1. Once the convex hull of the alpha carbons of the chain is built, what does its volume come to per residue, in cubic angstrom?
2. By how many nm would the segment from Trp160 to Val191 lengthen if fully extended, with 0.36 nm per residue of separation less the alpha-carbon distance?
3. Taking the Cβ of Thr172 as the centre, find all other residues whose Cβ is under 12 Å away and add up their charges (Lys, Arg: +1; Asp, Glu: -1).
4. Relative contact order, percent, of the chain when contacts are C-alpha pairs under 8 Å separated by at least 6 residues?
5. Could you compute how much accessible surface Trp193 exposes when probed at 1.4 Å, giving the result in Å² to the nearest 10?
6. Jot down the per residue volume, in cubic angstrom and as a whole number, of the convex hull over the alpha-carbon atoms of the stretch 66-113.
7. If you count only protein heavy atoms with a 1.4 Å probe, what accessible area per residue comes out for the chain, rounded to a whole Å²?
8. Along each of the three principal axes of the Cα atoms of the stretch 107-160, give the extent in whole Å, ordering the values from largest to smallest.
Amino acid sequence: FIDLVSQDPTLPPLKAERASNRELGIQYGASGWLARATLFTNRQRDRIEFDPVTFFALNAGRASNKGLELSLNAPVGPGLLGVDATFQDPVNDTTGDSLKRRARTNLALNYSVDLGLWQFGAYLKHTGRRLDVDPAFADARNGSYTRVDLSSQYRLTPEWTVFGRIENISNTRSNEVLGFNSQPRGVFAGVRWTPKL
């Protein structure tokens, strides 16, 4: 709806995006381990993009993306490890450029440990370099960044839990999107109630 409202009234009406997606995956699980690998490819026609110069939405032609997604969940040491990784090649097939704001490499790691009524966790997120638009509306490279979060919780009763977490513990100052401030370090605490079913 927003794209239809913000289209250029002097051009023909926007066409709906059309896509073709294919995936081939394999999965293995045993003794608490679960591993997955998925090859994917997708193609888009009549891709809708926002032009930051004219402030109009327009059909930008064709785009494609192909890559590999990997995931692993496994007991490691005293806790559980989760790994998710994506390696991809998002391309604007009309111009040959990389698609904006889409990193070729993304990685997420999480690890949690249960110690009696306590649970402790750590989360790492890495996003690779990507093409973006700078505040002057020119193409620019947005650098890669890595962020780490820590969490803990204590179960008071089966229904009540107190928790705390620190997000972006190293206060990394990399932007998800150029021109917008990055999220600084955040400290949070609270109480959670989970009713019995």
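1. On the way: hull volume 36.0 nm³, N = 197.
For the chain, the hull spanned by Cα atoms encloses 183 Å³ per residue.
2. 10.5 nm
3. With Lys, Arg at +1 and Asp, Glu at -1, the neighbours total +1.
4. Working: 463 pairs, mean separation 22.5, N = 197.
Averaging sequence separation for qualifying contacts and normalising by length gives 11 percent for the chain.
5. Ignoring ligands and nucleic acids, Trp193 comes out at about 150 Å².
6. Roughly 51 Å³ of hull volume per residue.
7. Per residue, the chain has an accessible area of 66 Å².
8. Extents along the principal axes: 55, 19, 11 Å.
The values are calculated or read from the model by the stated rules, or taken from the named source; none is laboratory data. Source: prediction; values computed, not measured. Note that we place each Cβ from the backbone using ideal geometry, even for glycine, and neighbour counts take in every protein chain shown. The area values use the complete protein model at the heavy-atom level, side chains included, leaving out ligands, DNA and RNA. Shrake-Rupley method; radii C 1.70, N 1.55, O 1.52, S 1.80 Å.
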